[in-house]
1. Tell me which residues, restricted to segment 375-407, are among the small types (Gly, Ala, Ser), under 14 Å from residue 329 (Cβ atoms) and under 19 Å from the mean Cα position of the chain (by Cα).
2. Quick check on residue 390: is it buried (at least 21 other Cβ atoms within 10 Å of the Cβ), modelled with pLDDT of 95 or more, under 20 Å from residue 231 (Cβ atoms) and aliphatic (A, V, I, L, M)?
3. For the subset of segment 346-378 comprising residues that are in contact with a helix residue (DSSP H, G or I) (Cβ under 8 Å, 6 or more places away or on another chain) and polar (S, T, N, Q), which member is farthest from residue 224 (Cα to Cα)?
4. Consider segment 7-47. How many of its residues are of a type in the set (A, V, I, L, M), modelled with pLDDT of 95 or more and not in a strand (DSSP E or B)?
5. Pairs under 7 Å by beta carbon, first residue assigned by TED's automatic domain parsing to the domain that holds residue 149 and at pLDDT 95 or above in segment 48-76, partner of a type in the set (Asp, Glu) and not in a loop (DSSP other than H, G, I, E, B), six or more apart or different chains?
6. Residue 321 - would you say it is assigned to a loop (DSSP other than H, G, I, E, B), on the phi > 0 side of the Ramachandran plot, not charged (D, E, K, R) and not assigned by TED's automatic domain parsing to the domain that holds residue 125?
7. Any idea which residue in segment 82-135 is nearest to residue 31 (Cα to Cα), counting only those that are in a loop (DSSP other than H, G, I, E, B) and of a type in the set (Phe, Trp, Tyr)?
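The values are calculated or read from the model by the stated rules, or taken from the named source; none is laboratory data. Nothing here was measured: the structure is a model prediction, and the numbers come from that model. Using ideal geometry, Cβ is built from the backbone for each residue, glycine included, and neighbour counts are taken over all protein chains shown.
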Amino acid sequence: MYSIGLYIYAIGALIAGIFNKKIRKIVAGIPATYKILKEHIKPEDRVVWFHAASLGEFEQGRPLMERLRKTHPEYKILLTFFSPSGYEVRKNYEGADVICYMPFDTPGNVKSFLRLAHPEIAIFIKYEFWTNYLTAMKKKGIKVYSVSSIFRPDQHFFKWPYPLKPLKCFNHLFVQNEVSKELLSKHGITNATVTGDTRFDRVLDIRNAAADLPIVEQFVADSPCFISGSSWGPDEAIYIPYFANHKDWKLIIAPHVISDSHLNEIEALLSDRKVVRYTDAEKNPDIVNDAEVMIINCFGKLSSIYRYGKVALIGGGFGVGIHNVPEAAVYGIPTIFGPNNKKFQEAQALLKCGGSFEYTDTDSFAAIMDKFIAEPQAMQEAGDKAGAYIKGNAGAADKCFSEIFAD
């Protein structure tokens, strides 16, 4: 039934690709996968395969890839994605030797892919559990690991016996928390270790390698700065009006969507402020000297920009779910976000330890910021707690790596 469902899904994707650009990229990318594998993987190559659904999972797997590259150059690293949002951004990532889409999990695709890729070890990141791939690799004796995975009772694996089959194919599962380990054990899966989330290692690496941004530093100068990262319209409608009465604070807004239409919407909310776009400031840095708000209208800067903030807002909490909280918290600043944060373990932990705060509307946002502004020491203490939480939870990458590549 599972494979039949996948064939139906694949046919549906072919049809949907006519109308959806994202799906069209997946459908077009899969045939290219076999050509890429034939051209870049030789029969004698020793291959380690990393699979990440999208960009977030890639960042969790990246610390392992970089450790592998540094310590075991005899392996060729194969990196696959399922989503274009991961592949298109990282298709030129230098830490992997071969990068392509992972074909749909149909028996025929699985047979062709494994024949061409012939991995010795496969590492699936977080939520990647493909029954046919996992079953075939187990039969072939390929070592398969799950890294940074997290499990909840409401997941389909635990609702009836058959879906447990893919989980039983792993040589080992490196999970994020005790709840996940206990849940697996309750269902007879005992080859699991709590190592935490490799994303903490990644954000520490990013912080340590963060680039200086002279334009941002010039813009912020000596002013306190509020940074909005990956914000959406509902976030912006709440926090932007607040700062109309706090013009001593500089604003840096890095929206999730940087289309001209959305940037124009943001600027309309800031009609009484001097606003500059980052790409314009690159051409003429002097325009930031009297600016009050900077809009980041390009990608790749946000992880370094957080270092210039006093407080960071993480967008998405009124829709798709909050974005990358650790990326900001690693700089030792408090983070705030909307209510759709319950499935994000790091957000829940930061709320509990006092390093993050939830806002649900204009009043709750104002209450948080009013306290920070009136009591700078409280803001500093919250930031210290956030930074300590990130540092205290690092180390998962080394734990996983030492177990997987013990030999």
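1. So in segment 375-407, the residues among the small types (Gly, Ala, Ser) come out as 378, 382-383, 386-388, 392, 394-397, 402, 406.
Next cut, under 14 Å from residue 329 (Cβ atoms) only: 382-383, 386-388, 392, 394.
Result: 386, 387, 394.
2. On the way: buried (at least 21 other Cβ atoms within 10 Å of the Cβ): yes; modelled with pLDDT of 95 or more: yes; under 20 Å from residue 231 (Cβ atoms): no; aliphatic (A, V, I, L, M): yes.
The answer is no for residue 390.
3. Here the answer is 362.
4. So in segment 7-47, the residues of a type in the set (A, V, I, L, M) come out as 8, 10-11, 13-16, 18, 23, 26-28, 30, 32, 36-37, 41, 47.
Narrowing the set further to residues that are modelled with pLDDT of 95 or more leaves 36-37, 41, 47.
Pick out the ones that are also not in a strand (DSSP E or B) and you get 36-37, 41.
Total meeting the criteria: 3.
5. If the second residue must be of a type in the set (Asp, Glu) and not in a loop (DSSP other than H, G, I, E, B), the pairs left are 48/120; 63/201; 63/205.
6. Numbers: assigned to a loop (DSSP other than H, G, I, E, B): yes; on the phi > 0 side of the Ramachandran plot: yes; not charged (D, E, K, R): yes; not assigned by TED's automatic domain parsing to the domain that holds residue 125: yes.
It is true that residue 321 is assigned to a loop (DSSP other than H, G, I, E, B), on the phi > 0 side of the Ramachandran plot, not charged (D, E, K, R) and not assigned by TED's automatic domain parsing to the domain that holds residue 125.
7. 104
Results for (1) surrounded by fewer than 22 Cβ atoms within 10 Å (Cβ to Cβ); (2) in contact with a strand residue (DSSP E or B) (Cβ under 6 Å, 6 or more places away or on another chain), shown as yes or no for each residue.
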{"position": "275", "(1), (2)": "yes, yes"}
{"position": "282", "(1), (2)": "yes, no"}
{"position": "285", "(1), (2)": "yes, no"}
{"position": "292", "(1), (2)": "yes, no"}
{"position": "301", "(1), (2)": "yes, no"}
{"position": "308", "(1), (2)": "yes, yes"}
{"position": "311", "(1), (2)": "no, yes"}
{"position": "318", "(1), (2)": "yes, no"}
